[in-house]
Amino acid sequence: MAAEGSALLIAVVVAFPLYWMVLSAFKPAGEIESGEPRPWTLAPSLESFRRVFEQREFGRYFLNSLVVAGSVVIASALIAFLAATAVTRFRFRFRTTLLIMFLVAQMVPVEALTIPLFFLMRDFGQLNTLGALILPHIAFSLPFAIWMLRGFVKAVPEALEEAAYLDGASRSRFLWQILFPLVLPGLVATSVFSFISAWNDFLFAKSFIISDTSQSTLPMALLVFYKPEEPDWGGVMAASTVMTIPVLIFFVLVQRRLVSGLGGAVKD
């Protein structure tokens, strides 16, 4: 009973900021600016959402975020799958060193690498392009994805691979038609983290998209409503609510495989 109560308390603490965000998005301006905030509203309004969708570039920002997040998810999943298979099924020099480097890479703060990445993107001519957002996110998502998928690949018996070869299957056929479906739950689990990280990114978008606002993503759209002299908190909350919807949809679509993927990772 105590465990259930603790779980309920944690759920309330985690869900309350989301509830307040959505509530503020529907509150009229007078209630948002009131000195006596209330956890409800008797006069819900869509005015904040109207201001969000009337922003001329909001649709472009939304599409840019989809392109960045989708590219990161697909590319990191494919690369991580191939890399996890390589470090699990093959023996080669510096294999253990490579695995340790994957762990060390996750310990480096993103903020510490932002300035070096800025100069790297500049030298590659990627500043003010979506590539400047896609490439770093792929790089940062790979260590976690490879390390996690390694457990799923390792859990597939080598006898199954040998049986497939005896039946005439090629290495590529075993890889994509047998091994890939078996580790798909793990791919889904890592893809969720990659998607959320790329979708909510503000640091790289602010640092690498300098002058071409047509390449900005949704987190940058929040700056349109935040002005130091007169911040539009209703617009900020409405835009944040709109940003949350694709994440929820993605999570609902993959939740079954996500649960099995996380369960497999814990079991491993």
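The values are calculated or read from the model by the stated rules, or taken from the named source; none is laboratory data. Note that the structure is a prediction, hence the values are computed from the model and not measured. Note that we place each Cβ from the backbone using ideal geometry, even for glycine, and neighbour counts take in every protein chain shown. Quick note on the areas: whole protein, heavy atoms, side chains included, nothing else; ligands and nucleic acids left out. Shrake-Rupley method; radii C 1.70, N 1.55, O 1.52, S 1.80 Å.
For segment 217-231, the tally of residues that are at pLDDT below 90 and either surrounded by fewer than 19 Cβ atoms within 10 Å (Cβ to Cβ) or polar (S, T, N, Q) (or both) stands at 8. Filtering segment 96-140 to residues that are among the hydrophobic types (A, V, I, L, M, F, W, C), within 18 Å of the chain's Cα centre (by Cα) and either buried (at least 18 other Cβ atoms within 10 Å of the Cβ) or within 21 Å of residue 211 (Cβ to Cβ) (or both) leaves 130, 132, 133, 134, 135, 138, 140. Taken over segment 119-141, the criterion of being part of a helix (DSSP H, G or I), touching a helix residue (DSSP H, G or I) at 6+ places or on another chain (Cβ under 6 Å) and among the hydrophobic types (A, V, I, L, M, F, W, C) is satisfied by 121, 132, 133, 134, 138. What single numbered condition from (1) of a type in the set (D, E, K, R); (2) more than 19 Å from the chain's Cα centre (by Cα); (3) open to solvent by 90 Å² or more (accessible area, probe 1.4 Å) fails to hold for residue 89? The single condition residue 89 does not satisfy is (3). Only residues that are over 23 Å from the mean Cα position of the chain (by Cα), surrounded by fewer than 10 Cβ atoms within 10 Å (Cβ to Cβ) and within 21 Å of residue 240 (Cβ to Cβ) were counted in segment 13-42, giving 3.
Between 211, 240, 194, the distinction of being at pLDDT 80 or above, part of a helix (DSSP H, G or I) and over 16 Å from residue 69 (Cα atoms) belongs to 240 only. Report yes if some residue within segment 153-164 is acidic (Asp, Glu), outside any helix (DSSP H, G or I), surrounded by 14 or more Cβ atoms within 10 Å (Cβ to Cβ) and in contact (Cβ under 8 Å) with a residue 60 or more places away in the chain; otherwise report no. No, every residue in segment 153-164 fails to be acidic (Asp, Glu), outside any helix (DSSP H, G or I), surrounded by 14 or more Cβ atoms within 10 Å (Cβ to Cβ) and in contact (Cβ under 8 Å) with a residue 60 or more places away in the chain.
Conditions (1) touching a Lys or Arg at 6+ places or on another chain (Cβ under 6 Å); (2) among the aliphatic types (A, V, I, L, M), marked per residue:
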{"position": "10", "(1), (2)": "no, yes"}
{"position": "13", "(1), (2)": "no, yes"}
{"position": "18", "(1), (2)": "no, yes"}
{"position": "31", "(1), (2)": "no, no"}
{"position": "34", "(1), (2)": "no, no"}
{"position": "41", "(1), (2)": "yes, no"}
{"position": "47", "(1), (2)": "no, no"}
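Among the residues of segment 72-86, the ones that are within 19 Å of residue 135 (Cα to Cα) and more than 23 Å from the chain's Cα centre (by Cα) come to 0 in all.
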